Structure formats: C-alpha cells, structure tokens
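Please treat every number below as a calculation from the coordinates, not as lab data. Small disclaimer: the values here were computed from a predicted structure and weren't measured. Every residue, glycine as well, gets a Cβ built from its backbone with ideal geometry; the counts of neighbours run over all protein chains shown.
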Amino acid sequence: MLNSKERAFLRSMANGIDAIFQIGKGGITEELCHQIENCLEARELMKVRVLENSGYTAKEAALEIAEKTGAEVVSVVGTKFVLYRESEKKKRIELP
C-alpha cells in the first residue's frame, strides 16, 4: 500500500511517460493482463489509456487491472491511469 508521499513521487515520475497500452472495445482480456504484468516487471511504472468505446471508465479499468496483476493504482486522470508494482528481479524505482 502506497502512502501519499510515495504516490506523489510516482505521479511526478509518470508525468513524463506516454501511455503504453490502450483498452478498446475488446475490453480487459487475460492476454492484456499478462502483457501488463510483463511490462510492470520490466518498468515498475506504466500509464494506460482507456478508449471511449471500451465500456469502462478509467477508474473501473484501473481497479480491475490492478486486482488482476497485483499492482497499485497511482492515479486516474481523465481517460488515463498509472499503475505501479515493484519488480521482483530488477528494482528500478526507489520510493522516498
């Protein structure tokens, strides 16, 4: 569980990154969750965009993916959300 200082630190880091995945009309699939897990293991912090035709709000999608991947939702703004999960093999981000 992230505290507010850690969450603010991660939000500031996420400002400079682009959305890696888009959730569209196909919704949230097993394959998408598996790809997100791999990405989180490699990067620890990632941004995802939810398209209007997906049937999800950004908050709903963030909570569902976070639950399936074991990640934490850092922030949800508009149609984008940021996820964080500490890497088991190569830790890159040192939280304050």
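Only Lys, Arg, Asp and Glu count, each charged at its Cβ (+1, +1, -1, -1), so figure out the dipole size of segment 4-84 about its Cα centre, rounded to 20 debye.
380
Percent relative contact order of the chain, based on C-alpha pairs within less than 8 angstrom and at least six residues apart?
The normalised contact order for the chain reaches 33 percent.
Kindly count the pairs of lysines across segment 7-96 whose alpha carbons are less than 23 Å apart, treating pairs on different chains or eight or more residues apart as eligible.
Close lysine pairs found across segment 7-96: 16.
Please rank MET13, MET46, MET1, fewest neighbouring Cβ atoms within 10 Å first, as an exposure proxy.
Result, fewest neighbours first: MET1, MET13, MET46.
In degrees from 0 to 90, rounded to the nearest 10, what is the angle of the helix 4-14 Cα long axis to the longest principal axis of the chain?
Result, in degrees: 70.
What distance in nm separates the simple spin-label points at ALA19 and LEU95, each placed 7 Å from Cα in the Cβ direction?
In this crude label model, ALA19 to LEU95 measures out at 2.6 nm.
Loop-only trypsin sites (Lys or Arg not before Pro) in the chain, please: DSSP not H, G, I, E or B, and at most 11 other Cβ atoms within 10 Å.
Sites meeting the loop and neighbour criteria: LYS25, LYS89, LYS90, LYS91, ARG92.
Please give the length that would be gained between GLU67 and HIS34 if that part of the chain were fully extended, namely 0.36 nm times their separation in residues minus their C-alpha to C-alpha distance (nm, one decimal).
10.6 nm
If I fit a long axis through the Cα atoms of helix 58-69 and take the longest principal axis of the Cα atoms of the chain, what angle between them do I get, 0 to 90°, rounded to 10?
For helix 58-69, the angle is close to 70 degrees.
When GLU94, GLU6 are ordered from fewest to most other Cβ atoms inside 10 Å of their Cβ, what list results?
GLU94, GLU6
Over the Cα atoms of the chain, Rg to Rh with Kirkwood Rh, two decimal places?
0.94
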